[in-house]
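The values are calculated or read from the model by the stated rules, or taken from the named source; none is laboratory data. In this text the structure is predicted, and so the values were computed from the model without any measurement. Quick reminder, even Gly has a Cβ in these numbers, built from the backbone with ideal geometry, and neighbours come from all protein chains shown. Areas reflect the complete protein model, heavy atoms only, side chains present, ligands, DNA and RNA absent. Shrake-Rupley method; radii C 1.70, N 1.55, O 1.52, S 1.80 Å.
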Amino acid sequence: MTAIMLTAVHKWFGSVHALCNINLKVREGEFVSLIGPSGCGKTTLLRIVAGLEKPSNGEVETFGYPPLELCKRHEIGVAFQKPALLASRTALNNVMLTLEITGRKNGAKSPQEILNDFGLGEFLNSYPGQLSGGMEQRVNIACAMIHNPKILLMDEPFGALDMMTRDRLSEWFEKKVLFNSNKTVLFITHSVPEAIFHSDRVIVLSPTPGEIYMEFTINLPRPRNRMTRVSDCFLEYERKIREVLYEMVNGG
Amino acid sequence: MKPWKAYLIMMISLPVFWVIVIGLFHPPSFLLPPPKLVIRVLAEDKGVFWHHTKITLIGALTGYAVSNFIAVGLSIAFIYVNWLEDFFTPWTVVIKNVPFVAIASILVITLGDTPLPRIIIVVLVTFFPILANVTKGLKSVDQVLLDRMQTLNASKWQVFWKVRWSSAMPYYIAAHEIAFTGSIIGAIVAEWLFAREGLGFLIVRSMSQYRTDMLFAVTLIASALSVCAYLSVKLIEKRIYRWRKEISS
């Protein structure tokens, strides 16, 4: 089943053409990464799918409905780049906030269980200000998926972290969140290895206006782990995508 | 240094300093009465002081409650009705800047010797800091939290109560720090201008009778009230924002 479908989507901000003729189809359970230089419209695209922006032209469907309808059904979870946490609520209460708003009792797991799974069992009652950047991001992701939405949208969730924490969180995300889940994920990143590591498909966007420049299907076995990163196949994908990015930015 | 120790030192230092000045310069008691004289006046006339303090407190608290009700209500309206803030800004600027001493005289003439002018003056003194702070607090909410609420299809009430109000609370508490003590000062000044009861009235009466011991006693009571108001706000802040302390420790 098609989870996300964008047909001839354009987005203008005043005279700036942010997105140009985006046609994208994401199957249910598929993990698709969007990669490209700053200003290529990745976040705008994600915000359109989340119902936070309206396209200037074109059609957007999520499981056959407009995004706002799917939001009403609480089937979209968004992990923003900056953790969307209330400073006055503990990690547990921040996760519970999602359930309070959606009115769902629990998703697949309770807030305690999900935070335990995410390695935050000892920090349930810690406030965001007491957590490290990586921990905050894990709480942020828990907030986005506690109500078990069908679609998970992630805007550079590990972007502000150092390389080691980022790799560690990526591996944790692959093992604890993605493996054996049927979530449809649209993932924005600036990191080529991160995109390859998680994705079934990597889509390269070109800047000003943002257009789909090239698409790569990633055929790497799952579950993916640390060894995947150093496999020949992985490195080959990385080389190809980097070449495309350099070609696009430098014009060859 | 622990804050309570600093307060204790101040409370001990003041009378000590007072006694030293009297011991060194021997001013006549109608200019600077000794502490024991002021304490004796306080003890002898405690019924009178209590009556007038009660009047001032009732005026200050009533005015402050009205002020909070209007200012918080208006701040919330500013967030949800876009044109309202632009419409009311000139009014709030006038309220903030017109000298309330002048308004007080007009109020006495129009409303007579009733508690109403006192309450209105307290409202005028305390209204603006609450309005400005709460409005700023409600607007200061992190956009990413509003986006999260939108994707979860939160109702307007949920967004307000769970996100906006939570974000505005530190600003609201900060407003109380200024405005709550301001309400007591406002009530006293209002009484000073026209009332026949209250601490402000006692000041006027003591001045006309050259009762400096009485004046000092009233000053002590008024200062104690203002300090208590300030400390009670700090105490509430500490209780509500336990998380801030825990983060900083």
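Which condition does B:LYS54 not pass, out of (1) at pLDDT 90 or above; (2) surrounded by 16 or more Cβ atoms within 10 Å (Cβ to Cβ), if it passes all the others?
B:LYS54 satisfies all of (1) at pLDDT 90 or above; (2) surrounded by 16 or more Cβ atoms within 10 Å (Cβ to Cβ) except (2).
Take A:LEU86 and tell me if it is in a helix (DSSP H, G or I) and within 13 Å of another protein chain (Cβ to nearest Cβ).
No.
Could you please let me know if A:ALA142 is assigned to a loop (DSSP other than H, G, I, E, B) and in contact (Cβ under 8 Å) with a residue 40 or more places away in the chain?
Considered against the rule, which asks whether it is assigned to a loop (DSSP other than H, G, I, E, B) and in contact (Cβ under 8 Å) with a residue 40 or more places away in the chain, A:ALA142 comes out as no.
Mind listing just one residue for me: the one in segment B:24-40 that is in a helix (DSSP H, G or I) and within 25 Å of B:SER206 (Cα to Cα) and, of those, most open to solvent (accessible area, probe 1.4 Å)? If you could, list the steps in order and put the result at the bottom.
Going residue by residue through segment B:24-40, those that are in a helix (DSSP H, G or I) are B:24-25, B:35-40.
Those left that are additionally within 25 Å of B:SER206 (Cα to Cα): B:25, B:35-40.
Working: B:PHE25: 145, B:PRO35: 23, B:LYS36: 161, B:LEU37: 41, B:VAL38: 1, B:ILE39: 104, B:ARG40: 136 Å².
Selected residue: B:LYS36.
Give all pairs with beta carbons closer than 7 Å in which a residue from segment B:89-115 that is on the phi < 0 side of the Ramachandran plot meets a residue that is loosely packed, with under 15 Cβ neighbours inside 10 Å; count only pairs at least 6 apart in sequence or on separate chains.
B:ASP113/B:ARG196
Which residue, of A:SER88, A:SER56, is in contact with a Lys or Arg (Cβ under 9 Å, 6 or more places away or on another chain) and under 19 Å from A:ILE141 (Cα atoms)?
Working: A:SER56 fails: under 19 Å from A:ILE141 (Cα atoms).
The match here is A:SER88.
Name the pairs whose Cβ atoms lie under 7 Å apart, with the first residue in segment B:150-162 and at the interface with chain A (Cβ under 9 Å from one of its Cβ atoms) and of a type in the set (Ser, Thr, Tyr), the second assigned to a loop (DSSP other than H, G, I, E, B) and crowded, with 19+ Cβ neighbours inside 10 Å, and 6 or more positions between them or separate chains?
That search, which allows pairs on different chains as well, returns B:THR151/A:ALA50; B:THR151/A:GLY51; B:THR151/A:LEU52.
Keeping to segment A:178-197, report how many residues are open to solvent by less than 10 Å² (accessible area, probe 1.4 Å) and of a type outside the set (Ser, Thr, Tyr). Steps first, please.
We begin by selecting, within segment A:178-197, every residue open to solvent by less than 10 Å² (accessible area, probe 1.4 Å); these are A:184-189, A:192, A:194-197.
Adding the requirement that they be of a type outside the set (Ser, Thr, Tyr) leaves A:185-188, A:192, A:194-197.
Result for segment A:178-197: 9.
Given (1) part of a helix (DSSP H, G or I); (2) surrounded by 17 or more Cβ atoms within 10 Å (Cβ to Cβ), identify the lone condition not met by B:LEU84.
Condition not satisfied by B:LEU84: (2).
Please work out if A:LEU68 is surrounded by 15 or more Cβ atoms within 10 Å (Cβ to Cβ) and part of a loop (DSSP other than H, G, I, E, B).
Here the answer is no, as A:LEU68 does not meet what is asked.
Being free of Cβ contacts under 8 Å to residues at least 12 places away in the same chain and more than 10 Å from chain B (Cβ to nearest Cβ) is the filter here, so list the residues in segment A:89-102 that pass it.
Selection gives A:ASN93 alone.
Being in contact with a Ser or Thr (Cβ under 8 Å, 6 or more places away or on another chain) and under 14 Å from A:GLU53 (Cβ atoms) is the filter here, so list the residues in segment A:18-39 that pass it.
If the condition is that a residue be in contact with a Ser or Thr (Cβ under 8 Å, 6 or more places away or on another chain) and under 14 Å from A:GLU53 (Cβ atoms), then A:ALA18, A:LEU19 are the ones that fit.
Could you check, for segment A:35-56, whether at least one of its residues is of a type in the set (S, T, N, Q), open to solvent by 60 Å² or more (accessible area, probe 1.4 Å) and not in a loop (DSSP other than H, G, I, E, B)?
Filtering segment A:35-56 for residues of a type in the set (S, T, N, Q) gives A:38, A:43-44, A:56.
From what's left, open to solvent by 60 Å² or more (accessible area, probe 1.4 Å): A:38.
Filter once more, so that each one left must be not in a loop (DSSP other than H, G, I, E, B): none.
No: zero hits.
Return a yes/no flag: does segment A:201-218 have any residue that is of a type in the set (Ser, Thr, Tyr) and open to solvent by less than 30 Å² (accessible area, probe 1.4 Å).
Our first condition is that a residue be of a type in the set (Ser, Thr, Tyr); within segment A:201-218, this holds for A:206, A:208, A:213, A:217.
Add one more test, that the residue is open to solvent by less than 30 Å² (accessible area, probe 1.4 Å), and what stays is A:206.
Yes: segment A:201-218 contains one or more residues that are of a type in the set (Ser, Thr, Tyr) and open to solvent by less than 30 Å² (accessible area, probe 1.4 Å).
Given (1) buried (at least 22 other Cβ atoms within 10 Å of the Cβ); (2) at pLDDT below 90, identify the lone condition not met by B:VAL189.
Unmet condition: (1).
When the residues of segment B:97-155 are filtered to those that are over 15 Å from the mean Cα position of the chain (by Cα) and among the charged types (D, E, K, R), which remaining residue is modelled with the lowest pLDDT?
B:ASP113
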